[in-house]
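These notes are about the structure you will find just below.
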Amino acid sequence: MAVPPPVAARAAELRELLTEASHRYYVLDAPTISDAEYDRRFRELTELEANHEELRTEDSPTQKVGAPPLDTFRKVEHRVPMMSLENVKTRAEFAEWIERMKKRLGDDAPETFVLSAEPKLDGISMSVVYVDGRFEVGATRGDGETGEDVTLNVKTIRGLPLTLSGKGWPARVEVRGEVYVTKADFDAFNAKRTEEEGRYVNPRNFAGGSLRQLDSRVTAERPLRIALYQLVDAKGLGLASQSEVLDRLQEWRLPVPRAWFRRCESDAAAAAWFEKLENGRGDIPFEVDGMVLKVDEIAQWEVLGARSRTPRWAVAWKFQAQEETTTLADIEISVGRTGALTPVAILEPVFVGGVTVTHASLHNQDEIDRLDVRIGDRVVVQRAGDVIPKVIRVVTEARSGELEKFPFPDQCPVCDHEVTVAEGGVVVRCPNDICPAKLKGRIRHFASQDALDVQGLGEKLVEQLVDEGLVKTSADLFRLDVETLEGLERMGRKSAENLVAALDRVRTTTLPRVLYGLGVRHVGEVVAELIAVEARSLGGLLRLDEETLAAIDGVGPIVAQSVRAWLDVPDNAALLADLEAVGVTYPEPERATAGRLLDGMTVVMTGTLPELSRKDAQALLKEHGAKVASGISKNTTFLLAGERAGSKLKKAQELNVPVLSEEELLAWLHEGVVPAFSKIS
Ligand SMILES: [Zn+2]
């Protein structure tokens, strides 16, 4: 039965629509149709093809669902070996590479190399061959000479076109790159897996496991992506540079994650981009473990040539490792201000993420159980950015002999008081109010930057003061004198004088700082400010009942209950009186006065402002009566935007929320120049 022309046309239309949608979703990261619509169109095409066999073309998106399982993977010999890259680890090694190339080129060496910088994806290397514009073979790297034929699996990768677009491709094209999985897709997949099914340890391992399925129908269900950036025999195509190669691959609609590629005009520019990429690696949606740098000009590749396994014109500049393996020497329990017992991993020192790490967080009992971590284990430690290092898994294979499970203490390690277990067993606390560990935590909090901000009162000193019995409450700090302090170990006359002077300075403070410094549960800086306005004084605070507290805009019942319960403890009430007794003073907080310029307005901030720090800008806005919110909505009065404003700016524009610069804001507040948009003026 011949296919009626309208049906054939519809099938062609659907093929194109679905292919385009996949390209936009997987390659450009800019989807145009919803998943539901994609599925609908996909089903429509599948039906048409079921009714009319001849419509099922080889490049149809329906052919991306996998094929019956194989017994084994066939071997594929690479026509041109897949080389690896020389690694450099430091700026000095990078500079050496540049020098070596210059030396080799001699008189022909350029002043500086133009370099193509590419993210070093942490995935599975892949060679993809198109014959007459049609996808033909997908093969792994293997040993570089011979890889495995994973064609059926690669075919299921939705971002990979089964036919090349554009023109100018030769009869046989081989492109190379990496198969990978985004961090988000990896997390989502693992979250759905049960423990019996097993979870993958990282995106790379997940990509590899998915690619090595003998049943490509399984692979088709996995969110694999592919990035292609190397063209075998680029010179034969008359291309002069790696940048041109990337352009050409994109013209053919091959997936090139171009947002992360840079053409760097000099090695200094490349080094700067490297630094930027490394610092921002957390924002890259896929795992990247370094940057590949290639001399951009292809003519120079030939002159520079290759060693046995690596080309001389490219290197992989590795990021500092964020994960390392070391031995768990001990687990210590620390007791914080709230009495929470927190296990801390004591590690054999290991260099990771650019620093030597000796301690790592273990969070709580649950985490210890989940990791099944035992003292003496080999553990993998992760340190990403500035966050506290953490133990992410145990190298169970390396466990030798019998290691005992860690017994979580049922007594406070500091005061021996029996612990309480709350919040479903996750939080273990010492309930003893005079536990020295809690007292130390409270003093540290009271003296911290956002509370009283006492300069020169470090952790060690707080320990000493509490251990010597010199300080039993925060108020006692103000009773310290130079003579007493001088008598402490490691404390000279000068430091003692400085500390007393610092304490004297902060004796005059603000009520919100004192309230925050008390460390009442649920009372952060913002809530402290709100309560201060209502309380007006420490004495006034004591008189606030739960109902009044709960009625304060932005406070609510949970906070109110927590504050009232705290005030009802006699020692706490005594502390408030004592703080006044030792001369802590503060101006009476002003009630919101009517008629301020920004009264009733909700402002959101984004980006880096030229003059004001975030904190200062926030204070300024509040001082003029504005409420500062974190997210844009249609209730936002205006967005205060600085440099590098991101998604908030976009959202504001979408919602027609006015955008103000710092300059405009200051001119408005200080000089009365009303900004030019009707919503405000
Ligand atoms: Zn205790």
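The values are calculated or read from the model by the stated rules, or taken from the named source; none is laboratory data. Everything numeric in this text was worked out from a predicted model, so none of it was measured. All Cβ positions, glycine included, derive from the backbone under ideal geometry; neighbour counts span all protein chains shown. The protein model used for the area step is the full one, side chains on, heavy atoms only, and it has no ligands, DNA or RNA in it. Shrake-Rupley method; radii C 1.70, N 1.55, O 1.52, S 1.80 Å.
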Legend entry - Neighbours by Cβ (under 8 Å, 6+ apart or cross-chain): first from segment 473-485, in contact (Cβ under 8 Å) with a residue 12 or more places away in the chain; second aromatic (F, W, Y): S474/F446; L477/F446
Legend entry - Failed criterion for G282 (all others in (1) surrounded by fewer than 16 Cβ atoms within 10 Å (Cβ to Cβ); (2) part of a strand (DSSP E or B); (3) assigned by TED's automatic domain parsing to the domain that holds L115 hold): (2)
Inset, instruction - Please indicate, with yes or no, whether at least one residue in segment 121-131 is closer than 20 Å to V315 by Cβ and hydrophobic (A, V, I, L, M, F, W, C). - result: yes
Inset, instruction - Return the pairs, sorted by first residue and then second, in which the second residue is part of a helix (DSSP H, G or I) and among the acidic types (D, E), the first residue lies in segment 77-105 and is at pLDDT 90 or above, the beta carbons are less than 7 Å apart, and the residues are 6+ apart or on different chains. - result: I98/D267
Inset, instruction - With respect to E20, determine if the residue is of a type outside the set (A, V, I, L, M), part of a helix (DSSP H, G or I) and surrounded by fewer than 18 Cβ atoms within 10 Å (Cβ to Cβ). - result: yes
Legend entry - Selection from segment 480-533 of residues that are part of a loop (DSSP other than H, G, I, E, B), charged (D, E, K, R) and under 40 Å from the mean Cα position of the chain (by Cα): R521
Inset, instruction - Working only within segment 306-341, note down all residues that are surrounded by 16 or more Cβ atoms within 10 Å (Cβ to Cβ), more than 16 Å from the ligand (Cβ to nearest atom), more than 23 Å from the chain's Cα centre (by Cα) and in a loop (DSSP other than H, G, I, E, B). - result: R312, W313
Inset, instruction - Within segment 373-380, identify whether any single residue is within 16 Å of the ligand (Cβ to nearest atom), at pLDDT 90 or above and part of a loop (DSSP other than H, G, I, E, B), and answer yes or no. - result: no
Inset, instruction - Considering each residue of segment 447-465, count those that are open to solvent by 20 Å² or more (accessible area, probe 1.4 Å) and either outside any helix (DSSP H, G or I) or within 16 Å of the ligand (Cβ to nearest atom) (or both), and give that number. - result: 9
Inset, instruction - From E397, E418, grab the single residue that is of a type outside the set (S, T, Y) and touching a strand residue (DSSP E or B) at 6+ places or on another chain (Cβ under 8 Å). - result: E418
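Per-residue answers, yes or no, for (1) touching a strand residue (DSSP E or B) at 6+ places or on another chain (Cβ under 6 Å); (2) open to solvent by 70 Å² or more (accessible area, probe 1.4 Å); (3) free of Cβ contacts under 8 Å to residues at least 40 places away in the same chain; (4) not β-branched (V, I, T):
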{"residue": "R212", "(1), (2), (3), (4)": "no, yes, no, yes"}
{"residue": "V218", "(1), (2), (3), (4)": "no, no, no, no"}
{"residue": "I226", "(1), (2), (3), (4)": "yes, no, no, no"}
{"residue": "G236", "(1), (2), (3), (4)": "no, no, no, yes"}
{"residue": "L254", "(1), (2), (3), (4)": "yes, no, no, yes"}
Inset, instruction - Sort out which residues of segment 430-446 are outside any loop (DSSP other than H, G, I, E, B) and more than 9 Å from the ligand (Cβ to nearest atom), and write them in order of number. - result: L439, K440, G441, R442, I443, R444, H445, F446
Inset, instruction - Could you please give the count of residues in segment 342-361 that are away from the ligand (no atom under 16 Å from the Cβ) and touching a Phe, Trp or Tyr at 6+ places or on another chain (Cβ under 9 Å)? - result: 1
Legend entry - Residue satisfying all of: in segment 421-446; free of Cβ contacts under 8 Å to residues at least 40 places away in the same chain and on the phi > 0 side of the Ramachandran plot; least open to solvent (accessible area, probe 1.4 Å) among these: G424
Inset, instruction - For segment 390-420, enumerate the residues that are over 23 Å from K440 (Cβ atoms) and surrounded by 14 or more Cβ atoms within 10 Å (Cβ to Cβ). - result: K390, V391, I392, R393, V394, R399, L403, F406
Legend entry - Options K75, K120, K103; residue that is open to solvent by 60 Å² or more (accessible area, probe 1.4 Å) and under 30 Å from L304 (Cβ atoms): K103
Inset, instruction - Taking the residues in segment 162-202 that are among the basic types (K, R) and within 21 Å of E118 (Cβ to Cβ) as candidates, determine which candidate is most open to solvent (accessible area, probe 1.4 Å). - result: K183
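How many residues, within segment 401-429, are at pLDDT below 80, touching a Lys or Arg at 6+ places or on another chain (Cβ under 9 Å) and more than 16 Å from the ligand (Cβ to nearest atom)? If you could, list the steps in order and put the result at the bottom.
Going residue by residue through segment 401-429, those that are at pLDDT below 80 are 401, 422-426.
Still in the running and touching a Lys or Arg at 6+ places or on another chain (Cβ under 9 Å): 422.
Retained after the next criterion (residues that are more than 16 Å from the ligand (Cβ to nearest atom)): none.
Total meeting the criteria: 0.
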Inset, instruction - Would you check if H52 is open to solvent by less than 30 Å² (accessible area, probe 1.4 Å) and touching a helix residue (DSSP H, G or I) at 6+ places or on another chain (Cβ under 8 Å)? - result: yes
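Residue by residue, here is whether (1) hydrophobic (A, V, I, L, M, F, W, C); (2) within 24 Å of D289 (Cβ to Cβ) holds:
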residue	(1), (2)
R370	no, no
V391	yes, yes
K438	no, no
A447	yes, no
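So is V514 of a type in the set (A, V, I, L, M, F, W, C), modelled with pLDDT under 95 and open to solvent by less than 20 Å² (accessible area, probe 1.4 Å) or not?
Working: of a type in the set (A, V, I, L, M, F, W, C): yes; modelled with pLDDT under 95: no; open to solvent by less than 20 Å² (accessible area, probe 1.4 Å): yes.
It is false that V514 is of a type in the set (A, V, I, L, M, F, W, C), modelled with pLDDT under 95 and open to solvent by less than 20 Å² (accessible area, probe 1.4 Å).
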Legend entry - Any pair with Cβ under 9 angstrom, 6 or more apart, that starts in segment 395-413 at a residue that is of a type in the set (D, E, K, R) and ends at one that is surrounded by 11 or more Cβ atoms within 10 Å (Cβ to Cβ) and part of a helix (DSSP H, G or I): K405/I368; K405/D369
Legend entry - Evaluation of A67 against (1) open to solvent by less than 40 Å² (accessible area, probe 1.4 Å); (2) farther than 22 Å from A227 by Cα; (3) of a type outside the set (S, T, N, Q); (4) modelled with pLDDT of 85 or more (one fails), failing number: (4)
Inset, instruction - Filter segment 466-479 down to the residues that are open to solvent by less than 50 Å² (accessible area, probe 1.4 Å) and in a helix (DSSP H, G or I), then identify the one that is nearest to C415 (Cα to Cα). - result: V466
